[in-house]
Amino acid sequence: MRFEGTLKTWNDDRGCGFIEPTQGGEEIFVHIKAFDARGGRPQLNQPLSFEVEMGPQGKKRAHNVTPIRKAQVAKTRHRESPAQWATSTLFAIPAFLVLYVVVSVIWRPPLWIAALYAAASLITFIAYAIDKSAATKGNWRTPESTLHLLALACGWPGALCAQQLLRHKSSKAAFRSVFWATVVLNVAGFVFLCTPLRELLAKI
């Protein structure tokens, strides 16, 4: 099975670097021997097509690497790039703001909840930015589970903004599915905590 990605880091003296897969996930180590000799010397940010195999130490590495032509890159990006501010993303934050106003008028939740969403969103946006920078430089990545926990802990509005503005974690289907589950759980929890139902259940 072949994958596509971009050569994000390359040490020409050592003849090795890392490929960032287009579909997301951890970066893949690549050695100069994995490249087709007819493709020329590897270049930073070069789009590549590759296979994945297990190295001697049980770590993934790229195999049978070939450059992708510009026409292929344009076709792939057109097919895989998410639409800018897709419908779910476009309406999620405004819809939540409307819900928050309605809940505030009916049940008057404490002001610290709004502050919590603002602070958590800022922290989550920064976490996405750090992970994006790490992915570009080939440094240690932030676990996806951490990003999901931040989203669940009222940081999902910041995560949505980061996904669109930074173009990070916006095309990986598995990540997006879990992310939207955290959004639903967080909003449901917010409504539950603000309604009298919580107090009734506490008395039972």
Given the structure, is Phe125 at pLDDT 90 or above, within 29 Å of Gly17 (Cα to Cα) and in contact with a Cys (Cβ under 8 Å, 6 or more places away or on another chain)?
yes
So how many residues does the stretch 52-92 have that are surrounded by 14 or more Cβ atoms within 10 Å (Cβ to Cβ) and either modelled with pLDDT of 90 or more or under 21 Å from Gly5 (Cβ atoms) (or both)?
13
Out of the residues in the stretch 28-42 that are in contact with a strand residue (DSSP E or B) (Cβ under 7 Å, 6 or more places away or on another chain) and at pLDDT below 90, state the one that is nearest to Val65 (Cα to Cα).
Asp36
For the stretch 125-144, check the following and say yes or no: at least one residue is basic (Lys, Arg), surrounded by fewer than 14 Cβ atoms within 10 Å (Cβ to Cβ) and assigned to a loop (DSSP other than H, G, I, E, B).
no
In the stretch 98-114, is there at least one residue being surrounded by fewer than 16 Cβ atoms within 10 Å (Cβ to Cβ), in contact with a Ser or Thr (Cβ under 8 Å, 6 or more places away or on another chain) and not in a helix (DSSP H, G or I)?
no
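The values are calculated or read from the model by the stated rules, or taken from the named source; none is laboratory data. Worth saying up front: this structure is predicted, and the values here are computed from it rather than measured. Glycine gets a Cβ as well: all are built from the backbone with ideal geometry, and neighbour counts include every protein chain shown.
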